[in-house]
Amino acid sequence: MCLADFERAAAAVLPTDVRDFIAGGSGGEITLDANRAALDRVFLLPRILRDVTEVSTRTRLLGTPAALPIAVAPIAYHRLVHPDGEIATARAARAAGAPFTASTLSSVPIEEITAVGGTVWFQLYWLRDTARTLDLVRRAEDAGCSAIVLTVDVPWMGRRLRDVRNRFTLPGHVRAANVETGAAAHERSANASALAVHTSRTFSSALTWSSVAALRKLTGLPLVLKGVLAPEDALRAAEFGVDAVVVSNHGGRQLDGAVPSVDALPEVARAVSGSCEVLLDSGIRSGPDVLRA
């Protein structure tokens, strides 16, 4: 009936390390919990005696029609939980009329995801090899993606203690289909998450505004910056010509203690003042949460 039901059902069948990888946050998981608490502090004031015989949730996101004011956020390695991986979730998004955001670290190649149909956005991590990063953008364009979503809040992967304690590694049948992972993500370490080791070797910590400028020059697709919390950064993003920002603390998986996304939302919206679209993630669990945002 609701996402909590799915979470309980999944906990009964998933390996503990996979469940913790999906559900966990960084550090003491303060921000992870705060996202929910902040949303629960937002109360609705219903208006009465309106004719709601005919209602519609339809809208446009990044210029594309959507049946709901939601998009599916990027999550890595869907094949950890289902053999069809991102193919299955992309089909579900298409059926719901919602854009699907494919991760750089998806376990299915981007070409197979877009072949499902529907609206697909490509989430981009900036790699140490800039040429490979730009090749990913071109590949996403050629595959038919309709937006590029640059994640800007992972100069280093947050220290996710559940993964460290579990010495988390990717099982052999799961790989990053869009980038070469080598063996790092599959090799168990004595005191670390193999994914953290892999991303430290793969992602660039030198992502800056000049990178945004280069990306804006490269692609004519709508450009989104995901991971914006400070209004000053949102305003600067709009000045760099981005089409949208995602107010996000990475679901509490990066900087523990960061402000809850929904608390940061009003100041960001005021700062950009309509000069770009404002989206939000982190903690959303239901239709009322969307309405709260």
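Some notes on this structure:
- Checked against (1) closer than 21 Å to GLY251 by Cβ; (2) assigned to a helix (DSSP H, G or I); (3) among the polar types (S, T, N, Q), THR133 passes all but condition (1).
- The residues of the range 272-293 that are open to solvent by 30 Å² or more (accessible area, probe 1.4 Å), in contact (Cβ under 8 Å) with a residue 12 or more places away in the chain and either farther than 11 Å from ASN35 by Cβ or in a helix (DSSP H, G or I) (or both), listed by number, are SER275, GLU277, VAL278, LEU279, SER286, PRO288, VAL290, LEU291, ARG292, ALA293.
- Counting only helices (runs of 4 or more DSSP H) that fall entirely inside the range 165-242 and contain at least 3 residues that are open to solvent by 20 Å² or more (accessible area, probe 1.4 Å) and charged (D, E, K, R), the qualifying elements are 231-239.
- If you go through the range 105-123 and keep only what is without any contact (Cβ under 8 Å) to a residue 60 or more places away in the chain and either in contact with a Lys or Arg (Cβ under 9 Å, 6 or more places away or on another chain) or buried (at least 24 other Cβ atoms within 10 Å of the Cβ) (or both), you end up with GLU111, ILE113, VAL116, GLY117, GLY118, THR119, VAL120, PHE122.
- Some residue of the range 91-104 being more than 26 Å from ARG60 (Cα to Cα) and either among the hydroxyl-bearing types (Ser, Thr, Tyr) or in a helix (DSSP H, G or I) (or both): no
- Residue count, the range 139-158 (criterion: surrounded by fewer than 16 Cβ atoms within 10 Å (Cβ to Cβ) and in a loop (DSSP other than H, G, I, E, B)): 3
- Matching option when the condition is surrounded by 10 or more Cβ atoms within 10 Å (Cβ to Cβ) and within 20 Å of VAL262 (Cβ to Cβ), among ALA4, ALA9: ALA4
- Residue within the range 61-79 that is part of a loop (DSSP other than H, G, I, E, B) and free of Cβ contacts under 8 Å to residues at least 12 places away in the same chain present: no
- Looking across the range 2-37, the residues that are over 17 Å from LEU255 (Cα atoms) and under 19 Å from the mean Cα position of the chain (by Cα) come down to LEU3, GLU7, VAL18, ARG19, ASP20.
The values are calculated or read from the model by the stated rules, or taken from the named source; none is laboratory data. Owing to the predicted nature of the structure, the values given are computational and were not obtained by experimental measurement. Neighbour counts run over all protein chains shown; Cβ positions are idealised from the backbone, glycine included. These accessible areas exclude ligands, DNA and RNA; they are computed on the full protein's heavy atoms, side chains included. Shrake-Rupley method; radii C 1.70, N 1.55, O 1.52, S 1.80 Å.
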